[in-house]
Amino acid sequence: MTAAGLTIREARPDELPSVIELDAKVTGVKRPDFWLDLSHQRTGSKTLAIVVAAMGDEIIGYALGDLRAWPVRAPACGWIYAIGVAAEYRQQKVASALMEAMIDHFAKNGAASIRTMIEVDDHLLMSFLRSFGMTAGPFVELELKLERP
């Protein structure tokens, strides 16, 4: 069942504070610089999308992504950077509607594939993404932890 009265659309610039606040609640990490930087990039980009799920004037979900090539010998593809839904609106297909909007956005902009990175132990998000047909991609993320004195 999808939430009645749900609207999925591009975020307006004046809605960014609401998106930042909701993202902090969903992720547990406040990252306004991340969102503000991408919002500024969006003004000069046709491929970067910040999509919101709204119930009236209330922002209840968001998705963020861009069509780009990374320096890893791969053609440009759609990258989903973030997707989140307010706790009280989960299990109402809001995230699914946001994901569909991102898929449509990337398809309209010529993407042949969509990628994302998630925490290896986030089984709920993994299950959600797999329900859309996402599978392991051709790359492996490697990390080096830096210790500072």
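The values are calculated or read from the model by the stated rules, or taken from the named source; none is laboratory data. Fair warning: this is a prediction, and the values are worked out from it, not measured in the lab. Counting neighbours? That spans all protein chains shown, and the Cβs are built from the backbone with ideal geometry, glycine included. Please note that ligands, DNA and RNA were not included when accessible areas were found on the heavy atoms of the full protein model with its side chains. Shrake-Rupley method; radii C 1.70, N 1.55, O 1.52, S 1.80 Å.
I'd like to check something: does segment 114-129 contain any residue that is open to solvent by 60 Å² or more (accessible area, probe 1.4 Å) and of a type in the set (K, R)?
Of the residues in segment 114-129, the ones open to solvent by 60 Å² or more (accessible area, probe 1.4 Å) are 117, 119-121, 123-124, 126-127.
Narrowing the set further to residues that are of a type in the set (K, R) leaves none.
No, segment 114-129 contains no residue that is open to solvent by 60 Å² or more (accessible area, probe 1.4 Å) and of a type in the set (K, R).
Residues in segment 43-72 that are assigned to a loop (DSSP other than H, G, I, E, B) and either among the small types (G, A, S) or exposed (fewer than 12 other Cβ atoms within 10 Å of the Cβ) (or both): T43, G44, S45, K46, G56, D57, A69, W70, P71, V72. Residues in segment 94-113 that are surrounded by fewer than 17 Cβ atoms within 10 Å (Cβ to Cβ) and of a type outside the set (A, V, I, L, M, F, W, C): S96, E100, D104, K108, N109, G110, S113. Does V94 satisfy being touching a strand residue (DSSP E or B) at 6+ places or on another chain (Cβ under 6 Å), of a type in the set (V, I, T) and in contact (Cβ under 8 Å) with a residue 60 or more places away in the chain? In short, yes.
Would you mind stating whether A82 is in contact with a Leu (Cβ under 8 Å, 6 or more places away or on another chain), within 25 Å of P17 (Cα to Cα) and either in a helix (DSSP H, G or I) or open to solvent by 100 Å² or more (accessible area, probe 1.4 Å) (or both)? Don't jump to the end; show me each part of the working.
On the way: in contact with a Leu (Cβ under 8 Å, 6 or more places away or on another chain): yes; within 25 Å of P17 (Cα to Cα): yes; either in a helix (DSSP H, G or I) or open to solvent by 100 Å² or more (accessible area, probe 1.4 Å) (or both): no.
No.
Scanning segment 23-42 for residues that are aromatic (F, W, Y) and either surrounded by 19 or more Cβ atoms within 10 Å (Cβ to Cβ) or under 12 Å from the mean Cα position of the chain (by Cα) (or both) gives a single hit, W35.
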